[in-house]
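Remarks on the structure that follows.
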Amino acid sequence: MSFVDWLKYFFGSFFAHRYAAESEERGFGGVLLGLLLAMAMIFAGLFGGSVASFPSYYGKSEEYTAFLYNAFTDGADRLNIEVKDGAAYAGLFGGELTDGFVVNTFENEADRQKYSVNGYDLIIDTRNSKTNYNDFKCEHKKGDITLSHEEYLTLPEADKKGYVVYMDYTPNALVLDAEKVAGYVQWLLTKGNAEAKKECEALLTDGVAPESNYNAVYELYFKHYYPELTRAESYGKAPTMRTYYLNTYMQAGADGKLKSEKYLIVLSDIAFTYFYSNDGYLRGISSFLSSLGDVSLTSSQSGEAARAEVDGFFVSFNNASAGMLSVNYLINLLMILLYSSIAWVVIALIGCGVGIMSKCPAVKSFINNLKSSGSFFLISGLLAFAFDFGMSFAFTGAQVYYYGLLFFIGVLGLRSLLHFIVSVRRYKKNPAPAEEQE
């Protein structure tokens, strides 16, 4: 068969039975290619629809935009954020923007009165995320006994058995000053092991840690003073406020729902937000600030110009999240591939049942059914692309994912069933010779 004939089969099987019927004579190459292209189109529909639909969602989220405008355009204490070289600087509008600015409406009542609107909360913390340490608490428990870490360390080794360590993040950041760092140095030099002492001495100048080494001294102290907690922090070298914010406000509870669903969090290197549109759909965005380039949230004094700048910033924020979003959709695509493959096999088995009951040789073969139904992957994927992209403007990402999966499998199943029915009807009109039925 010529290449032109193969193209007719590859693109025409969905539309013409005569091409789909050629599957018996062909291999699985075209089927696998069609499956891969279908997955690519489904990914494009989910990802492209999510990015393209954001301005529509954002424009229909009046409570959320009112919250943003209060914080960044209209409020008496309006704020501004600037991103430069991937790092955030913030402060009052018209004032100095710094890398040490903090607002937290979850914890600070004064901030809540200024910036919490329509139930939305705001966190801005531009301190360096890797070295903005959390002032955590550590306890050891055994039955009804609870010991501080200091008390636990005084126990003989034999008495330490059976204790379970617990670490709790707090809303407070650890403030490193000369007195605290001197205490860490003293412990490392007098109670630390040989490795700890050697590393600590390398950080000292005339027996004293310079301010430039405060972070390194604390990280070394944490490593040796809390060896049980070295894996508790996945981001920095010691527990950070960044991890506290993520674990406290962005994680799902035991019921599977987010602990908080209405907020904007801007840290030194990354930002997150969740908001509801007017029709009740939840939307979330997260992005590393480096993806935004160098940008200022607002520069206009007030009015429509400032609001337009805020709108543009958050549309850009959504576009910048494309990298992280694509990873999520690629992971989800693996599940779509798995479910689609299972459905493909089930469809082929159903075809076998139809073939056995009707004695139609064209659909009795499991392998032939896999090839014939597999020839419909390409167009089913194209239709799923259109469905996913279009539905992204009406439903949440999770809903589009599940509805799109059902749509793709449904189209594939219905077209395959139609193929089986046509094959049986044609066989009934013109039965194959007995030897072909064996």
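Things to note:
- Any hit, the range 79-97, residues being among the polar types (S, T, N, Q) and closer than 23 Å to residue 128 by Cβ: yes
- Lone unmet requirement of (1) free of Cβ contacts under 8 Å to residues at least 40 places away in the same chain; (2) under 24 Å from residue 89 (Cα atoms); (3) open to solvent by 60 Å² or more (accessible area, probe 1.4 Å) for residue 334: (2)
Yes/no per residue for (1) touching a strand residue (DSSP E or B) at 6+ places or on another chain (Cβ under 7 Å); (2) of a type in the set (D, E, K, R); (3) touching a residue at least 40 places away in the same chain (Cβ under 8 Å):
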position: 39; (1), (2), (3): no, no, yes
position: 47; (1), (2), (3): no, no, yes
position: 55; (1), (2), (3): no, no, yes
position: 82; (1), (2), (3): yes, yes, yes
position: 90; (1), (2), (3): yes, no, yes
position: 104; (1), (2), (3): yes, no, yes
position: 113; (1), (2), (3): no, no, no
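- Residue 261 falls short on exactly one of the conditions (1) open to solvent by 40 Å² or more (accessible area, probe 1.4 Å); (2) part of a helix (DSSP H, G or I); (3) closer than 26 Å to residue 241 by Cα, and that condition is (2).
So that you can scan it fast, the table gives a plain yes or no per residue for (1) open to solvent by 20 Å² or more (accessible area, probe 1.4 Å); (2) out of contact with any strand residue (DSSP E or B) (no Cβ under 9 Å at 6 or more places or on another chain); (3) in a helix (DSSP H, G or I); (4) under 30 Å from residue 370 (Cβ atoms):
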residue: 14; (1), (2), (3), (4): yes, yes, no, yes
residue: 30; (1), (2), (3), (4): no, yes, yes, yes
residue: 43; (1), (2), (3), (4): yes, yes, yes, yes
residue: 67; (1), (2), (3), (4): no, no, yes, no
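- Residue in the range 162-176 that is among the acidic types (Asp, Glu), over 17 Å from residue 220 (Cβ atoms) and over 41 Å from the mean Cα position of the chain (by Cα) present: no
Yes/no matrix, rows are residues, columns are (1) buried (at least 18 other Cβ atoms within 10 Å of the Cβ); (2) within 21 Å of residue 99 (Cβ to Cβ); (3) in contact with a strand residue (DSSP E or B) (Cβ under 7 Å, 6 or more places away or on another chain); (4) of a type in the set (Ser, Thr, Tyr):
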| position | (1), (2), (3), (4) |
| --- | --- |
| 189 | no, no, no, no |
| 200 | yes, no, no, no |
| 205 | no, no, no, yes |
| 234 | no, no, no, yes |
| 239 | yes, yes, yes, no |
| 244 | yes, yes, yes, yes |
| 252 | no, no, yes, no |
| 278 | no, no, no, no |
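- Count of the range 88-98 residues, restricted to those that are touching a helix residue (DSSP H, G or I) at 6+ places or on another chain (Cβ under 8 Å) and modelled with pLDDT of 95 or more, is 1.
- Residue under evaluation residue 233, criteria (1) within 30 Å of residue 192 (Cα to Cα); (2) over 21 Å from the mean Cα position of the chain (by Cα); (3) among the charged types (D, E, K, R), criterion not met: (2)
- Considering the range 116-149, the residues that are more than 34 Å from the chain's Cα centre (by Cα) and buried (at least 16 other Cβ atoms within 10 Å of the Cβ) include one that is nearest to residue 269 (Cα to Cα), namely 149.
- Residue 217 being assigned to a loop (DSSP other than H, G, I, E, B) and either crowded, with 16+ Cβ neighbours inside 10 Å or among the β-branched types (Val, Ile, Thr) (or both): no
- Only a single criterion out of (1) among the aliphatic types (A, V, I, L, M); (2) modelled with pLDDT of 90 or more; (3) open to solvent by 20 Å² or more (accessible area, probe 1.4 Å); (4) closer than 24 Å to residue 90 by Cβ is not satisfied by residue 270, namely (3).
The values are calculated or read from the model by the stated rules, or taken from the named source; none is laboratory data. Quick caveat: nothing in here was measured; it's all calculated off a predicted structure. Neighbour counts run over all protein chains shown; Cβ positions are idealised from the backbone, glycine included. Accessible surface areas use protein heavy atoms only, side chains included; no ligands, DNA or RNA. Shrake-Rupley method; radii C 1.70, N 1.55, O 1.52, S 1.80 Å.
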